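Structure first, commentary second.
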Amino acid sequence: MRAQWHIKFAIAALFALLIATGLAQSPQVVVESVGMTVSDMDRSVTFYLALAFQKVSDVEVLGEQYEHLEGVFGARMRIVRMQLGNEYLDLTQYLAPPGRPIPADSRSNDLWFQHAAIVVRDMDQAFEKLRALKVQFVSTGPQTLPPSIKAAAGIKAFYFRDPDQHNLEIIYFPPGKGDPRWQEKTDNLFLGIDHTAIGISSTDASLKFYRELLGLRKAGESENFGTEQEHLNQVFGAHLQITGMRAASGPGIEFLEYLTPRDGRARPADVHANDIVHWQTMIKTDNVDLMAKKLRDAHVHFVSSGVVSMPKDKAGFSKGALVSDPDGHDVLLIQR
């Protein structure tokens, strides 16, 4: 009996050691920012300043490192970081070579769809502000999700577009919904970025990428349908499986899988980082080399030539790699 107990104890200790070693080797991740490519930086900055963002940095960069990181030869970029609350939005204009505009017939169920969700204190006031700015509507108007959608009941939302036709959302969380910090008393109308949402073709495939490979956790899920959801997304018959993912900090990443209609178009294979349809979610890790190896072993597509050493004074990080998720949405992995 004593020998058996020692054997069981040794096995349990070894198992605990293996788990601890695996956790120690598993890179820790946070969502650093959400980024998009723009065609006219001054126009975009003016637009986001009107939504209460503040400009915190403005740099012009070029060189071999940026070409290899973003996969664009001859790249010269102006990058402006905007802040709202605790979150950051990175705007990038390719001064050379300029890319293509967003397809004029883009719909919310196309798989290149991505948006940033801006939390507001009061939906009616925020909507009137957007009307005064003469934004282009996507939604018919602000929608209040009904009690039949239990996980999202009472949430108010509205889709619109920025000057480059990027999709944006304003979202209001009633008490008991969303992050508790969105309920803190404030006079500010626009509060921060809750998440970025991406159109996907398979929740299982996206979970494998973002949870198993990148290390994010599933924070919630909801099945949304009905007239309010249709008029929010401006997609007739919209029925979505929505899955919210979170890292240790930063905005969430929300999967939008359309169960119906299933006619959303795939992201074209020839999209590059200088095209205006391009977004990239920046994820910070404490070991980008280890993360890159894990992704290569899983046959993830790399846009970058590999892990690229960067000039930290300009880039703000020492190493980076741009990779694509199963539907072509780009993720910029960085290490400080």
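The requirement of being over 18 Å from the mean Cα position of the chain (by Cα) and touching a residue at least 12 places away in the same chain (Cβ under 8 Å) is not satisfied by Lys134. Mind listing whichever residues of segment 108-139 are assigned to a loop (DSSP other than H, G, I, E, B) and not hydroxyl-bearing (Ser, Thr, Tyr)? Scanning segment 108-139 gives Asn109, Asp110, Leu111, Trp112, Phe113, Arg121, Asp122, Leu133, Lys134, Val135, Val138.
Taking the criterion of being out of contact with any strand residue (DSSP E or B) (no Cβ under 9 Å at 6 or more places or on another chain) and at negative phi, would at least one residue in segment 198-207 satisfy it? Checked segment 198-207: at least one residue is out of contact with any strand residue (DSSP E or B) (no Cβ under 9 Å at 6 or more places or on another chain) and at negative phi.
Do the conditions hold for Ala151, that is, is it surrounded by fewer than 20 Cβ atoms within 10 Å (Cβ to Cβ), touching a residue at least 40 places away in the same chain (Cβ under 8 Å) and in a helix (DSSP H, G or I)? For Ala151, the condition - surrounded by fewer than 20 Cβ atoms within 10 Å (Cβ to Cβ), touching a residue at least 40 places away in the same chain (Cβ under 8 Å) and in a helix (DSSP H, G or I) - is met. Taking segment 208-224 as the range and being buried (at least 17 other Cβ atoms within 10 Å of the Cβ) and closer than 21 Å to Ala151 by Cβ as the test, the residues that pass are Tyr210, Leu216, Ser222, Asn224.
Within segment 1-86, which strands (runs of 3 or more DSSP E) (wholly inside it) include 2 or more residues that are farther than 24 Å from Val331 by Cβ and either among the aliphatic types (A, V, I, L, M) or modelled with pLDDT of 95 or more (or both)? Spell out the reasoning first.
Working: elements: 29-38, 54-62, 76-84.
It comes to 54-62.
So is Phe190 open to solvent by 30 Å² or more (accessible area, probe 1.4 Å), in contact (Cβ under 8 Å) with a residue 60 or more places away in the chain and aromatic (Phe, Trp, Tyr) or not?
no
As a summary of the residue check, Asp105 satisfies the conditions (1) in a strand (DSSP E or B); (2) free of Cβ contacts under 8 Å to residues at least 12 places away in the same chain except for the one numbered (1). Restricting attention to segment 103-119, the residues that are more than 18 Å from His195 (Cβ to Cβ) and either open to solvent by 30 Å² or more (accessible area, probe 1.4 Å) or of a type in the set (Ser, Thr, Tyr) (or both) add up to 5.
Every listed requirement among (1) of a type in the set (Gly, Ala, Ser); (2) farther than 21 Å from His278 by Cβ; (3) buried (at least 17 other Cβ atoms within 10 Å of the Cβ); (4) modelled with pLDDT of 95 or more is met by Ser202 save one, (3).
The values are calculated or read from the model by the stated rules, or taken from the named source; none is laboratory data. Here the structure is a predicted model, which means the values were calculated and not measured. Cβ coordinates were reconstructed from backbone atoms using ideal geometry, including for glycine residues, and neighbour counts include every protein chain displayed. All accessible areas refer to the heavy atoms of the entire protein, side chains included, with ligands and DNA or RNA removed. Shrake-Rupley method; radii C 1.70, N 1.55, O 1.52, S 1.80 Å.
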